[in-house]
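Structure first, commentary second.
The values are calculated or read from the model by the stated rules, or taken from the named source; none is laboratory data. What you see is a predicted model; the values in this text were computed from it and never measured. Every residue, glycine among them, receives a Cβ derived from its backbone with ideal geometry; neighbour counts consider all protein chains shown. Each accessible area value is taken on the protein alone, full model and side chains, heavy atoms only, with ligands, DNA and RNA left out. Shrake-Rupley method; radii C 1.70, N 1.55, O 1.52, S 1.80 Å.
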Amino acid sequence: RALQKNDYANAIKIFELNVSAYPGSGNVYDSLGEGFLRAGDKKNALIYYQKSLDIDPANTNAKDVIKTLL
């Protein structure tokens with residue numbers, strides 16, 4: 001919800017909590033990457049989208065976003 005309201009700082013905090021709670025889920029890293037991307041932080045977005053892809057190689061969203069960031 002915070003991300004939908006363009007409250008990127010709070011969205012990132014929430015996604016970071018999700019990563020802490022579910023470190024084996026590629027989806028939470030994908031969400032964190034999206035939060036950073038929307039906040040304009042492409043460096044961190046790339047890090048977390050790549051982590052998502054490492055956990056879930058079938059994540060086509062992460063693959064597509066990574067291509068745009070490289």
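Look at (1) in a helix (DSSP H, G or I); (2) open to solvent by 60 Å² or more (accessible area, probe 1.4 Å); (3) not charged (D, E, K, R) and you find that N6 fails only one, number (1). Note on region 18-55: residues that are surrounded by fewer than 17 Cβ atoms within 10 Å (Cβ to Cβ), at pLDDT 95 or above and among the charged types (D, E, K, R) amount to 4.
Here is the figure for region 9-52: residues that are over 15 Å from L70 (Cα atoms) and either outside any helix (DSSP H, G or I) or touching a Lys or Arg at 6+ places or on another chain (Cβ under 6 Å) (or both) total 6.
How about region 56-65: which of its residues are open to solvent by less than 30 Å² (accessible area, probe 1.4 Å) and in a helix (DSSP H, G or I)? Once the filter is applied, which keeps residues that are open to solvent by less than 30 Å² (accessible area, probe 1.4 Å) and in a helix (DSSP H, G or I), region 56-65 yields A62, V65.
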